[in-house]
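Worksheet: one structure, shown below.
The values are calculated or read from the model by the stated rules, or taken from the named source; none is laboratory data. Because the structure is a prediction, the values reported are computed rather than measured. Every residue, glycine among them, receives a Cβ derived from its backbone with ideal geometry; neighbour counts consider all protein chains shown. The protein model used for the area step is the full one, side chains on, heavy atoms only, and it has no ligands, DNA or RNA in it. Shrake-Rupley method; radii C 1.70, N 1.55, O 1.52, S 1.80 Å.
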Amino acid sequence: MAWKSSAMQICRFLLLVILFLPHGTTSSVLTVNGKTEDYTLDTQRGFQESLECAVQNHTREEELLWYRGSGKVDLKSGNKINSSSVCVSSISENDNGVNFTCRLQRDETVSISVTLNVIFPPLLSGNDFQTVSEGNNVNLVCNVKSNPQAQMTWYKDNNILNLEKNYHQIQQTSESFQLSITKVRKSDNGTYSCVANSSVKMETMDFHLIVEALYKA
């Protein structure tokens with residue numbers, strides 16, 4: 001009968017589809033510390049963090065790879081199959097924003113990443129002692145690292161610096177806070193303080209400026 005013939009053809013077609021479906025397609029899912037999606041890990045300087053990657057829904061032994069940024073992390077032989085962990089110790093401000101990525105060895109498109117968000121107070125540095133002749137220009141550069149970003153202010157002799165137009169100029173980037181003085185006067189002599197105020201802590205660095213008078217013959 002016609003309907004039986006059609007039904008048999010449909011069954012044969014479905015059987016062929018099943019037989020020729022690609023085998024070994026990845027159905028495994030990776031987790032890091034129980035999370036199934038990329039995430040940001042808040043931490044602090046001096047802390048130690050453990051990241052454990054595990055394979056979910058696997059039907060066979062799966063080898064795992066770890067990367068720090070673009071560099072592969074060396075793993076011991078017993079720390080690769082189905083689950084793998086890395087320990088990030090003595091965390092510093094330089095680890096802020098670093099990505100750790102766990103991947104399947106047989107299919108590196110299957111991956112999950114953790115980004116470190118390292119909280120630390122302002123770190124200030126710079127040339128804290130400068131001598132300049134009267135009438136010359138001078139730059140006081142306060143290098144700053146902070147997470148979260150700090151609010152920056154210049155003080156002179158313990159008072160907020162009164163900025164004069166076309167005389168003082170402030171330039172700020174994510175890592176520096178610069179005070180420029182055009183044609184310094186003898187009255188500019190003194191101690192300038194770079195003050196960084198973040199939600200973690202307030203830090204201060206002093207810059208000592210000595211203005212030498214010009215002696216005319």
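Only a single item in (1) open to solvent by 70 Å² or more (accessible area, probe 1.4 Å); (2) on the phi > 0 side of the Ramachandran plot; (3) at pLDDT 95 or above is not met by Gly69, and it is number (1). Flag: Val141 does not match the condition of being crowded, with 18+ Cβ neighbours inside 10 Å, touching a residue at least 12 places away in the same chain (Cβ under 8 Å) and not basic (Lys, Arg). Taking the listed residues Leu30, Leu21, the one that is among the hydrophobic types (A, V, I, L, M, F, W, C) and modelled with pLDDT under 50 is Leu21, with no other qualifying.
If a residue has to be closer than 23 Å to Glu212 by Cβ and not β-branched (Val, Ile, Thr) to count, how many in region 136-154 make the cut? Working first, answer last.
Going residue by residue through region 136-154, those that are closer than 23 Å to Glu212 by Cβ are 136-142, 154.
Applying the additional criterion that residues be not β-branched (Val, Ile, Thr) yields 136-137, 139-140, 142, 154.
Final tally of qualifying residues: 6.
Identify all residues within region 50-105 that are free of Cβ contacts under 8 Å to residues at least 24 places away in the same chain and among the hydroxyl-bearing types (Ser, Thr, Tyr); write none if there are none. The answer is Ser70, Ser77.
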